[in-house]
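Right, I'll just put the structure down here and ask away after.
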Amino acid sequence: MIGFSTKAIHGGISEDATTGAVSVPIFRSSTFKQNAPAHPIGNFEYARSGNPTRLAVEKLIADLEEGLAGFAFASGLAGISAVFATFKAGDHIVMTDDVYGGTFRALDKVFTKFGLTYTLVDLSDLTAISSALTENTVAIYAETPSNPLLKIIDIAGISEIAEAHQLLTIVDNTFATPYLQKPLTLGADLVVHSGTKYLGGHSDVVSGFVVAKTQELADDVQFNQNALGGVLGPDDSWLVQRGIKTLALRMARHTESAAVIADFLAASDKVAKVYYPGLSSHKGHEIAARQMSGFGGMMSFELADGTNAAAFVQSLRYFTLAESLGGVESLIEVPALMTHASIPADLRAASGIADGLIRLSVGIEDLDDLLADLKEAFEKI
Ligand SMILES: *Cc1c(COP(=O)(O)O)cnc(C)c1O
């Protein structure tokens, strides 16, 4: 089997067979010529249903996640919505309690209108799952490491429970990427991604992916991709494919720098708590060490004086105050005020997201500059 970096560059469709172009061309054509009615010249008819540039990145993400088929969407939420839309009224989903805010909003504010129901559970505690299951439960939805508390969910553990009850296991692999973790090989059925984050990697494209393990699931997702239409355009497909070519290099650097920064924060008397799965003090450290090949570039922390979060995040030079994550540049944010503001305050508090929690996305700048930036900001508070 070839290595991950080789696969990221040569996997999927990596060149153009007709011209020899080593970068897949951007096919902007919205429609494709047919020889006779219903007999297209190639494999494409209309670009919502299929586009060669999109297909290249779809095959690539399927290869990297070791799935059967991949599907590219206009955003992570478009992909996640296409998965939710495979269910029917009355179906019940067990979902991790500190799920990405937008995923919660889609389920809670949109899909419940069409009869889906859900229960939020701390999936890092496997024993909590069984009491949440009902006779209508169809799926367990996990996000690991989770956002923003970096909770670790035992993918093999929940997949085993799901299989015993004939439920699907869906894993949001945005934080880890297939470079660090491959949920389908651990028993999951579907992987979802915000490609906006590490896959694209340069904060210049919004995208989403779904990877299916079986033909039946692939057919369901493909049907919804075409029927609901939230597809990724050819230019954006090309950008994500280009991003993925350096995914391995970037993830290795993000991970290396994050480990040092997590140690630095943990040792600082200005910091009350650090959430990073690479720290041996982290509750999910052992499971993370088992199911991930590295601990990634995301972490969050609380200041010793929790009221200073807003001032702190404004006093950094290289950590840009912004939502999103996973780009080459370091980002910082306050989840309660920004990415997770759409989760009601009581639910946020119940799942441990303090108002003063600060989330870091460690970029690939020189580590010394990042450390100096943090040190300076600490001195100011
Ligand atoms: C950003 C994000 C999403 C949503 O993706 P979009 O591309 O913004 O629609 C879903 N899950 C996680 C973990 C995310 O970070």
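Only residues of the stretch 334-356 count here: report those whose backbone N is under 15 Å from the spot 7 Å along Cα→Cβ of Thr117, or say none.
Under 15 Å, as judged by backbone N against the label point of Thr117, lies no residue of the stretch 334-356.
Right, something else. How much of the DSSP beta bridge set in the chain is antiparallel, as a percent to the nearest 5?
On the way: 25 of 44 bridges.
The answer is about 55 percent antiparallel.
Once the piece of chain linking Arg290 and Arg28 is laid out straight, how much longer is it, given 0.36 nm per residue of separation minus the C-alpha distance between them? Kindly include the intermediate steps, with their values, before the conclusion.
Working: separation 262, 0.36 × 262 = 94.32 nm, distance 4.30 nm.
So the extension gain works out to 90.0 nm.
Now for a separate question. Between Arg48 and Thr18, what is 0.36 nm times their sequence separation minus the Cα-Cα distance? Round to one decimal in nm. Mind showing how you got there, number by number?
Numbers: separation 30, 0.36 × 30 = 10.80 nm, distance 2.26 nm.
My answer for the length gained is 8.5 nm.
Projecting each Cα onto the charge dipole of the chain (Lys/Arg +1, Asp/Glu -1 at the beta carbon, about the Cα centre), which of Met95, Leu331, Gln215 comes out farthest on the positive side?
Going by the charge dipole, the pick is Gln215.
Based on the Cβ-Cβ distance from Asp305 to Glu135, what FRET efficiency comes out when R0 is 35 Å, to the nearest 0.05?
Numbers: r = 49 Å, r/R0 = 1.39.
That pair, Asp305 with Glu135, gives E of 0.10.
Per DSSP H run of at least 4 residues, take -39500 (n - 2.57); add these up for the chain, divide by its residues and hand me the 222 nm value, nearest 500 deg cm²/dmol.
On the way: 13 runs with 128 residues, N = 381.
About -10000 deg cm²/dmol.
On to the next question. May I ask which of Lys113/Lys197; Lys113/Lys273; Lys197/Lys270 have a Cα-Cα span longer than 31 Å here?
Lys113/Lys273
Could I ask something else about it? Could you tell me how many degrees, from 0 to 90 and to the nearest 10, lie between the Cα long axis of helix 215-228 and the main elongation axis, the longest principal axis, of the Cα atoms of the chain?
90
Identify the residues of the stretch 278-314 with backbone N under 12 Å of a label point that sits 7 angstrom from the Cα of Thr185 along the Cα-to-Cβ direction, or state none.
Within reach of a label on Thr185, which here means backbone N under 12 Å from a point 7 Å along Cα→Cβ, the stretch 278-314 contributes 291-294.
For helix 367-380, report the angle its Cα long axis makes with the longest principal axis of the Cα atoms of the chain; keep it between 0 and 90° and round to the nearest 10°.
40
What spacing in nm lies between the two simple spin-label points modelled at Lys273 and Ala322, each 7 Å away from Cα in the Cβ direction?
Spacing of the two 7 Å Cα→Cβ label points: 2.9 nm.
Need the full-extension length gain, Leu249 to Asp369, defined as separation in residues times 0.36 nm minus the C-alpha distance. One decimal, nm. Intermediate results must be reported in sequence, preceding the final value.
On the way: separation 120, 0.36 × 120 = 43.20 nm, distance 1.94 nm.
Value of the extension gain: 41.3 nm.
Quick one: order Ile343, Ile364 by neighbouring beta-carbon count within 10 Å, fewest to most. Mind dumping the intermediate values first?
On the way: Ile343 25, Ile364 21.
Fewest-to-most Cβ neighbours within 10 Å comes out as Ile364, Ile343.
Of the candidates Phe27, Phe209, Phe295, which one comes out as most mobile in a Gaussian network treatment of the chain with C-alpha springs shorter than 10 Å?
Phe27
Tabulate in residue order the Karplus-calculated ³J(HN,Hα) for the stretch 267-272, using 6.51 cos²θ - 1.76 cosθ + 1.60 with θ = phi - 60°, rounded to whole Hz; enter x for Gly and Pro.
8, 7, 7, 8, 10, 8
Rounded to whole Å, give me the distance from the Cα center of the stretch 100-167 to that of the stretch 278-331.
23
Read-outs throughout are calculated quantities, based only on the coordinates presented, and are distinct from any laboratory measurement. This is a predicted model, so every value here is computed, not measured. Cβ coordinates were reconstructed from backbone atoms using ideal geometry, including for glycine residues, and neighbour counts include every protein chain displayed.
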